[in-house]
Amino acid sequence: MSLRSVIVNQFKQPHGILGHVAGFIMAQRPSNRERNKWTVNLLALEPHHEILEIGCGPGLALKECTKTVTTGRVIGIDYSNVMVGQAQRRLSPEIKKGNTEVRLACLDQLTRELSGFDRVFSLNVVQFFPDLEEAFKQIYACLDINGMAATTFQPRTKNPTREQAISMALKIHAAMSNAGFTDIRDHELPLKPAPAICVTGKKH
Ligand SMILES: C[S@@+](CC[C@H](N)C(=O)[O-])C[C@H]1O[C@@H](n2cnc3c(N)ncnc32)[C@H](O)[C@@H]1O
């Protein structure tokens, strides 16, 4: 395996010492921080909302959500125990207050264990979903009526381009439409070297 694929795998499921390094990079990289804040802003959160983030990594977006969601519930899931540990440390004051939780769980557990959310979102996780169509059906099922999903993607290949971001947005769009989402919209954040695109959709 090349060094590049070893590193890319760390972002797919961080583990061991390199996983800790990957989490540190995610938490510090300026474009990552900006993309997390921007996505949370698109969620139009209210204090009573019930929020779920899939693949929360080191927990930047969850932290941002807790600034607004004071009476509701903020839950992050990730299937990497290294990331769950980092996010739990970052959110330790909010977890102690009782309305924030970070769980070791994977997308497949959504509808079985987690449902009734006002917002379900992810950032740079969609490219790892094994089955896009199935993933958005699960996300749709765990949302409440009037709930909203947001999926952000910023290409992180060797030479990332806007076209790669748009191509993923089209696939997300199609999978969301197929799952039953309406009012599907694309939002773009100009970043270097390639923009982030967030696709939002509602359940009516
Ligand atoms: C590239 S990182 C992004 C982390 C964070 N969302 C961010 O933007 O800072 C992808 C994260 O998604 C997690 N992940 C990937 N597929 C997942 C799945 N099916 N279920 C749960 N977590 C998943 C990985 O463990 C990793 O922490």
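None of the figures in this text is laboratory data; all of them are computed from the coordinates on show. Bear in mind the structure is a predicted one, so any value in this text is a computation, not a measurement. We place every Cβ from the backbone using ideal geometry, glycine too, and count neighbours over all the protein chains shown.
Answer yes if at least one residue in the range 156-167 is of a type in the set (Ser, Thr, Tyr) and within 16 Å of the ligand (Cβ to nearest atom), and no otherwise.
yes
Just one of ALA165, ALA149, ALA194 is closer than 21 Å to LEU42 by Cβ and part of a helix (DSSP H, G or I); which is it?
The unique qualifying residue is ALA165.
Rundown of residues vs (1) touching a residue at least 12 places away in the same chain (Cβ under 8 Å); (2) of a type outside the set (S, T, N, Q); (3) more than 13 Å from the ligand (Cβ to nearest atom), yes/no style:
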{"site": "SER92", "(1), (2), (3)": "no, no, yes"}
{"site": "ILE95", "(1), (2), (3)": "no, yes, yes"}
{"site": "ASN99", "(1), (2), (3)": "yes, no, yes"}
{"site": "ARG103", "(1), (2), (3)": "yes, yes, no"}
{"site": "ALA135", "(1), (2), (3)": "yes, yes, no"}
{"site": "MET148", "(1), (2), (3)": "yes, yes, yes"}
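Is it the case that LEU60 is surrounded by 17 or more Cβ atoms within 10 Å (Cβ to Cβ) and near the ligand (Cβ under 9 Å from one of its atoms)?
yes
Would you check if THR39 is hydroxyl-bearing (Ser, Thr, Tyr) and touching a Leu at 6+ places or on another chain (Cβ under 7 Å)?
Against the criterion (hydroxyl-bearing (Ser, Thr, Tyr) and touching a Leu at 6+ places or on another chain (Cβ under 7 Å)), THR39 qualifies.
Return the residues of the range 119-137 that are among the charged types (D, E, K, R) and surrounded by fewer than 23 Cβ atoms within 10 Å (Cβ to Cβ); say none if nothing qualifies.
Across the range 119-137, the qualifying residues are ASP131, GLU133, GLU134, LYS137.
Assess whether GLY72 counts as being within 9 Å of the ligand (Cβ to nearest atom) and buried (at least 17 other Cβ atoms within 10 Å of the Cβ).
no
Take the range 115-133 and flag every residue that is under 27 Å from ASN9 (Cα atoms) and in contact (Cβ under 8 Å) with a residue 40 or more places away in the chain.
VAL120, PHE121, SER122, LEU123, ASN124, VAL125, VAL126, GLN127, PHE128, LEU132, GLU133
Would you pick out the residues in the range 167-204 that are in contact (Cβ under 8 Å) with a residue 24 or more places away in the chain, over 16 Å from the mean Cα position of the chain (by Cα) and within 22 Å of MET26 (Cα to Cα)?
Correct list: LEU191, LYS192, PRO193, ALA194, PRO195.
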